[in-house]
Amino acid sequence: MLPSSRVPNDPRYPALIQFIDQYLPDADAPPTLASADASARRYWRVRLSDGSTRVIMDAPPPGENIGAFLAIQARLHEAGVPAPRVEAHDLTNGFLILEDLGDCTLFQWRHGHSVEAVNALLAHAVRLLPSLAAADTTGLPKFDVARLNTEMDLLPDWYAARYHERPFSDAQNAQWQLARDAISTKLQTMPQGFVHRDYHSRNLMVCDLGGAPDLVVIDFQDAVRGPLAYDLVSLLRDSYIDWPQAQVTALQTQFWAQLPAEVQAAHSLEAFQTDFNWVAVQRHLKVLGIFARLSLRDGKHGYLKDIPLTWKHLQRALAGIAELAPLAELLASFAPLPPTPALPHKGGRERIAY
C-alpha cells in the first residue's frame, strides 16, 4: 500500500491513491504528476516494484467521461490505429491505467533530429490517417451545423469581445453569422469519416519500438463523424508548427493517393485541397477563440504565444477561398495583439489539446 500522504488542496488525490492500491498493489512510490490537458484531465506516473511504470488518466466526472475514451480506443485498435493500451479502469471515479508511452510528443521529438527524420515521421503520421478515417463511426456525434457553429462562435465571444475587447457591432455580427453558416454548411457537403478532432503534433507520442521511432495516437475521446479533411488540417496546419507549404502540398497528395478508389472517383485532389482550406478556416476560427478563453478564463496564458501562428494559418486559408473575402475583410482589424509581459501559466507541464 502506498504512503497515505496527500497533495495539498487536491480533493482527487485520496481516490487516486485508493485506485492505485486496488489495481497496482506493487506500486512502490507515490504517483507523480506527468502532464495535464487543457481540459480537467491530468496524468499521473506510477513506478512499480519491478522498475516499470504506468500512467493513470485522472478524468474527474461528470465533466470528463472515460467511457468515451474506452469506446474510441477499442475502435482505433480495431481499425489498426496505434492507441495506448488500457490495463484497468474505474468508470465511477474517472481513473484509467494506461501503458506508459513516455513524455516525447512529435512536437518535442523534432528538436534534435534531422529535417529528413522529422519529415519521415510526419509522413508516417499522414499514412495513419486513412485508417483513422475508416474507423467505425456508429453512434458518434456528427460534426453538424450546430456543433460547428458553436465552435466558431468562440471567436466573437472570446477572441474579439474579450481578448481584443472589441465586441462585434450588430452589422458585423450579421456579417459574421452569414459567413459562419456558409462555412458550416459547406463542411456538410464534403466526404465524411471518423474525425479525431485534435490530431496534431502534441497528441502524437513518439515511442522507440524496435529501435525505430513510431507514433501512438492519444487524446481521441472527443471523436466525431465529420469532414475527411479535418484531421489532415489539424496535423498540417498545426497551431504549434509551421510546416512549409511545399511539404503541406506534397502530403495532401500523399493522403489523397491513399484513399479508397470510390472516394477518389467521386472527388478530385483539387476539390479536396479546396475542402482543406474551408476546414482550416473553421478550425482556426475555433482555435483562436479557445486560446483566448484558456488565457482569460482559465489562467493558462501560455496559449497566447500560439495565437500568431493560428492567425497566419487562418489568413492563408481565407486567401484560398474567394467566397469568404467578406469574412477576411471583417477580421482584418483583429490581428493578434502585441506580446505582453510574461504571465504565470496555470497548470504546469501540459499535454495540450484543444
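The values are calculated or read from the model by the stated rules, or taken from the named source; none is laboratory data. The shown structure was predicted, so the numbers you read here are calculated from the model rather than taken from an experiment. As a convention, Cβ positions derive from the backbone with ideal geometry for all residues, glycine included, and neighbour counts pool all protein chains shown.
Cβ-Cβ below 7 Å, separation at least six or inter-chain, first residue in segment 291-310 and touching a residue at least 12 places away in the same chain (Cβ under 8 Å), second outside any helix (DSSP H, G or I) and basic (Lys, Arg): which pairs?
The qualifying pairs are Leu294/Lys300; Asp298/Lys346; Gly299/Lys346; Lys300/Lys346.
Taking the conditions exactly as written (assigned by TED's automatic domain parsing to the domain that holds Gly51 and hydrophobic (A, V, I, L, M, F, W, C)), does Phe95 satisfy them or not?
In short, yes.
Mind checking which residues of segment 200-215 are aliphatic (A, V, I, L, M) and buried (at least 18 other Cβ atoms within 10 Å of the Cβ)?
Leu204, Met205, Val206, Leu215
From the list Leu285, Leu318, Leu327, Leu294, which one is at pLDDT 95 or above, touching a Phe, Trp or Tyr at 6+ places or on another chain (Cβ under 6 Å) and surrounded by 21 or more Cβ atoms within 10 Å (Cβ to Cβ)?
After ruling out the rest, the residue left standing is Leu294.
Pairs under 7 Å by beta carbon, first residue hydroxyl-bearing (Ser, Thr, Tyr) in segment 10-27, partner in a loop (DSSP other than H, G, I, E, B), six or more apart or different chains?
If the second residue must be in a loop (DSSP other than H, G, I, E, B), the pairs left are Tyr13/Arg6; Tyr13/Val7.
Taking segment 174-195 as the search range and keeping residues that are crowded, with 17+ Cβ neighbours inside 10 Å and among the polar types (S, T, N, Q), which one is nearest to Val81 (Cα to Cα)?
The residue in question is Gln192.
Output the residues belonging to segment 264-276 that are surrounded by fewer than 16 Cβ atoms within 10 Å (Cβ to Cβ) and either among the charged types (D, E, K, R) or in contact with a strand residue (DSSP E or B) (Cβ under 9 Å, 6 or more places away or on another chain) (or both).
Hit for segment 264-276 is Glu270, nothing else.
Results for (1) within 15 Å of Pro213 (Cβ to Cβ); (2) small (Gly, Ala, Ser), shown as yes or no for each residue.
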residue: Phe107; (1), (2): yes, no
residue: Pro130; (1), (2): no, no
residue: Ala135; (1), (2): no, yes
residue: Leu140; (1), (2): no, no
residue: Leu148; (1), (2): no, no
residue: Asp170; (1), (2): no, no
residue: Trp176; (1), (2): no, no
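In segment 194-225, what residues are part of a strand (DSSP E or B), in contact with a Pro (Cβ under 9 Å, 6 or more places away or on another chain) and modelled with pLDDT of 95 or more?
Within segment 194-225, Val195, Met205, Val206, Leu215, Val216, Val217, Val224, Arg225 qualify.
Looking at segment 45-94 only, could you name the residues that are farther than 22 Å from Gln22 by Cα and among the β-branched types (Val, Ile, Thr)?
Within segment 45-94, Ile72, Val81 qualify.
Please go through segment 224-242 and pick out each residue that is closer than 24 Å to Val55 by Cβ and buried (at least 24 other Cβ atoms within 10 Å of the Cβ).
Those that are closer than 24 Å to Val55 by Cβ and buried (at least 24 other Cβ atoms within 10 Å of the Cβ): Asp231, Ser234, Leu235.
Name the pairs: first residue in segment 72-95 and within 17 Å of Val224 (Cα to Cα), second residue outside any strand (DSSP E or B) and hydroxyl-bearing (Ser, Thr, Tyr), Cβ to Cβ under 8 Å, at least 6 apart or on different chains?
Ala79/Ser131; Val81/Ser131
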